[in-house]
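This report refers to the structure that appears directly beneath it.
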Amino acid sequence: MHRTSREWDETYLSADPPPWDIGAVQPALAAHLDHLELADPVLDAGCGTGEVAIHLARRGHQVHGLDISPEAITRARAKASAQRVAVDFRVADARHLTGENLRPGAVVDCGLLHILDEAGRRSYVQSLAQICRPDARIVVLAVSPEADEGWDMTASELLGWFDTDDWQGGALENITVHARWAGEALRLPGYLFTTRCYSPGSSGKD
């Protein structure tokens, strides 16, 4: 899937909220993060309206939230201000992170990788490998093709994107992803994948 920033803005400006914008952190992700050690700063890649970034900031983390949609970032900043939480929210394309002057010690991706097309996924994962600190933890939430809603990234494909010398293997678990469509609560099969980065820009398995 490839959309422009304007198309993503239109999604947020529609009468119904986007299916993924449930007004809270995905329950499986929240439970995982609450028991996970994350090094600062934490990058929330594809942060949307900021639920994950704000959740992490409230836990005391230094957080950068990036999204390609200016409308999403506007809403995220308003939420953070209302809750008196400091988050560095920016409009940025996650496929091209090297110009953002970021050096994250951890990355949380709640539904970004799986919505990109193949070229976008490749650019995004390569960008992460270039900017992350050594041993940075990466957490990715994705919807399974078994949800039968047009999602196309299988578990093996998700693992495959991180099966290079930049990454230290990883662990994948099956989860339930919460969504909402036309006022109806949905429960979709999904994955939660965690890995760590080797030395950025180098071959860590030599």
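The values are calculated or read from the model by the stated rules, or taken from the named source; none is laboratory data. Since this is a predicted model, take the numbers as computed values, not measurements. Cβ sites come from the backbone with ideal geometry, for glycine too, and all protein chains shown count toward neighbours.
Residues considered: 119, 129, 185. Of these, the only one that is among the aliphatic types (A, V, I, L, M), assigned to a helix (DSSP H, G or I) and surrounded by fewer than 16 Cβ atoms within 10 Å (Cβ to Cβ) is 119. Here residue 192 does not fit the description of being farther than 15 Å from residue 26 by Cα, modelled with pLDDT of 95 or more, outside any loop (DSSP other than H, G, I, E, B) and not acidic (Asp, Glu).
When segment 9-41 is filtered for residues that are in contact with a Pro (Cβ under 9 Å, 6 or more places away or on another chain) and either touching a residue at least 60 places away in the same chain (Cβ under 8 Å) or part of a loop (DSSP other than H, G, I, E, B) (or both), the ones remaining, listed by number, are 9, 12, 23, 39, 40, 41. The numbered conditions (1) under 26 Å from residue 27 (Cβ atoms); (2) at pLDDT below 95; (3) among the charged types (D, E, K, R) are all true for residue 100 except (1). For residue 88, the test of being within 23 Å of residue 127 (Cβ to Cβ), modelled with pLDDT of 95 or more and crowded, with 22+ Cβ neighbours inside 10 Å is failed. Starting from segment 70-92, keep only residues that are more than 11 Å from residue 57 (Cβ to Cβ), then list their pairs with residues that are among the charged types (D, E, K, R) whose Cβ atoms are within a distance under 6 Å, requiring at least 6 positions of separation or different chains. Hits for this filter: 71/9; 73/67; 92/100.
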